[in-house]
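Student: I have a structure here, written as structure tokens, and I will follow up with some questions on it.
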Amino acid sequence: MTSYDDKLDASLDLMRRLDPKNITKNLNDICTLIQNDGSETSEELTQDLLSSVDVPLRTQKCDETGKEYLCCDYNRDGDSYRSPWSNKYFPVVPQDSDELPPPFPSNILRELEVKANDSFDIYRDLYYEGAGTSSVYFWDTNEEDDEQDTLDNGFAGVVLFKKETEDGSGKWDSIHVIEVIPEASSSATYKVTSSVILDLQNKKLSSLSLAGSLTRQLESTQSLSLDSALNVETAHLINLGTLIEKSEYNLRNLLQDVYFDKLRDIVMKDLRSVGDLSGKESDDKRQSELVKGLQSL
């Protein structure tokens, strides 16, 4: 009998082998197969698979503020998603006395979440040329204290960025899952798991497209210095902003090395040796179009 771990590993291995352009459809199809299996662990396996595979982010509008926000598993409750701007779920979650209320961050963490959304919105404006959408969600890691009034026990969260080119030929999704573990009153360890999902299509030459994802982890212990911050909460934001900026820079360089430098090698070495001059010019043009697509993100 196939074990739970074997099923999960097989599902993840299958996801890695399928076309990354259809990652959302592929994930839904695999989850449907798991559910049809009817085993006792099918629900748990589905949830673990959904939490292990990053998919392109979806944009939704907050009914109260009119501002757009990004939807992911970390701000979802059933079919509703919490807006970071109003702290409300849309569509509204019906309040049934027999069910647990949807999750919300504690008051102090919500205050930090508001500041983080404002801060990373400025980051998005600067680094994404004023385009795209950003969202930040925090949640408490200490389940025993729902109304904590300090951050002494640490917290977790996710920072999201999404940008598309105007013609839809380029899509960039950044997902940074963070965990903050206080080490002392003056320092904390930050664990950041960053994923980028890239999808580029050549509108003029539809036969060429490039899609894929990269995931990297970064861990660092930082000082909660108050020299350049008003309080500990602001110090956390400064440290998180620095680490995410570093992580996105590293991922962009990796994408350049893994995708575009490899593409150039294929075009210049493999295709050039078997193609004629006109074919090489066409390949160079395709590569140039893809590079321009990355630069526009």
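The values are calculated or read from the model by the stated rules, or taken from the named source; none is laboratory data. Keep in mind the model is a prediction, meaning the values are calculated, not measured. When we count neighbours, we look across all protein chains shown, and the Cβ atoms used for this are built from the backbone with ideal geometry, even at glycine. These accessible areas exclude ligands, DNA and RNA; they are computed on the full protein's heavy atoms, side chains included. Shrake-Rupley method; radii C 1.70, N 1.55, O 1.52, S 1.80 Å.
Student: Just to be sure I understand the filter: pairs with C-beta atoms under 6 Å, separated by 6 or more residues or on different chains, first member in the range 79-95 and farther than 15 Å from Phe138 by Cβ, second member of a type in the set (Lys, Arg). Which pairs pass?
Tutor: That search, which allows pairs on different chains as well, returns Tyr89/Arg82.
Student: While we're here: Quick check on my filter: what residues within the range 18-40 are open to solvent by less than 50 Å² (accessible area, probe 1.4 Å) and hydroxyl-bearing (Ser, Thr, Tyr)?
Tutor: The answer is Ser39, and nothing else.
Student: In the list Cys62, Cys72, which residue meets the criterion of being over 23 Å from Gly168 (Cβ atoms) and of a type outside the set (Gly, Ala, Ser)?
Tutor: It is Cys62.
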